[in-house]
Amino acid sequence: MVVRQQDKKEELDNIAQQINKCNQCRLYRQALRAVPGSGDPDAKIIFIGEGPGYHEDQQGLPFVGAAGKLLDRLLQMIDLARDAVWIGNVVKHRPPENREPLPEEIEACQPFLNEQIKIIDPEIIVTLGRFSLEKFLPGEKISRIHGQARYVEFAGKKRIIIPMYHPAAALRNGLIMEQIKKDFKKIPQFLSGREDTPQLEEINEPEEKQMKLF
Ligand code: URA
């Protein structure tokens with residue numbers, strides 16, 4: 001197990017080096033540094049946001065600004081240590097002025113996140129915000145689907161996707177803050193090894209609605 005974790009760390013470090021050198025879209029030009037992602041290379045659960053902001057760009061680490069502080073509090077609320085999860089983003093360089101990432105930027109960055117997920121091989125992927133949701137459940141609306149777990153075939157395996165609002169949206173809107181707290185409280189029941197883990201049939205909609213093949 002320790003060896004496996006070490007292998008995964010090396011593989012992730014290798015991708016991080018490629019991300020640091022990436023010039024496949026224009027984002028790298030204005031960014032200070034890339035933000036490949038961080039956390040446990042063997043995490044059962046990963047959290048995927050949109051893209052680095054100012055503080056992430058300064059430090060090269062994901063979710064270290066105001067939204068990151070809220071994410072830390074939400075993780076604490078459900079007794080998940082930040083170093084027991086892995087946190088990454090759809091795009092790895094900061095979009096100028098924190099604008100939304102463009103389709104071609106998301107497309108160019110996509111192989112990195114796909115590869116990272118393949119290596120970490122998580123059981124659960126929590127999407128934070130609509131760009132991350134769109135990757136795993138295209139066409140879904142966050143206001144309709146937040147907090148509802150789905151099975152999605154991704155990187156060769158069925159994984160549980162739990163869509164959440166973006167923490168930055170919760171900082172701007174009290175109702176979303178209440179909702180994100182409620183949704184986070186649902187996470188522990190999906191982590192395996194717990195006696196109260198629901199049967200998958202119980203947490204999902206009928207199969208034809210929940211399955212999406214990539
Ligand atoms: N918002 C994101 O989507 N990602 C970060 O890393 C920080 C803020």
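The values are calculated or read from the model by the stated rules, or taken from the named source; none is laboratory data. A quick note: this is a predicted structure, and the numbers were derived from the prediction, not measured. Keep in mind that these areas ignore ligands, DNA and RNA; they rest on the heavy atoms of the full protein, side chains included. Shrake-Rupley method; radii C 1.70, N 1.55, O 1.52, S 1.80 Å.
Values for this structure:
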| item | result |
| --- | --- |
| From the C-alpha gyration tensor of segment 14-165, square roots of 5λ in Å | 22, 17, 16 |
| Folded to 0 to 90 degrees: helix 103-120 orientation relative to the chain principal axis, Cα | 60 degrees |
| Residue pairs, from the table K135/K186; K9/K181; K92/K182; K141/K181; K21/K157; K21/K181, whose Cα atoms sit over 26 Å apart | K9/K181; K92/K182; K21/K157; K21/K181 |
| The chain: calculated mean residue ellipticity at 222 nm from DSSP helix runs of at least 4, using -39500 (n - 2.57) | -12500 deg cm²/dmol |
| Value of relative contact order over the chain, rounded to a whole percent, pairs C-alpha under 8 Å and six or more apart | 21 percent |
| Carbon and sulfur %, accessible surface of segment 147-190 computed with the full protein complex present, 1.4 Å | 52 percent |
| Translational diffusion of segment 93-197, µm² s⁻¹ [Kirkwood Rh, Cα pairs; Stokes-Einstein; 25 °C; 0.890 mPa s] | 164 µm²/s |
| Per residue solvent-accessible surface (Å²) - the chain, probe of 1.4 Å | 51 Å² |
| Rounded percent of accessible protein surface that carbon and sulfur make up, segment 38-84, 1.4 Å probe | 49 percent |
| Beta bridges by DSSP in segment 1-154, antiparallel share as percent, to the nearest 5 | 20 percent |
| ³J(HN,Hα) computed for each position of segment 7-14 - Karplus, 6.51 cos²θ - 1.76 cosθ + 1.60, integer Hz, glycine/proline x | 4, 4, 4, 4, 5, 5, 4, 4 |
| In degrees, nearest ten, helix 174-184 long axis to first principal axis of the chain (Cα) | 70 degrees |
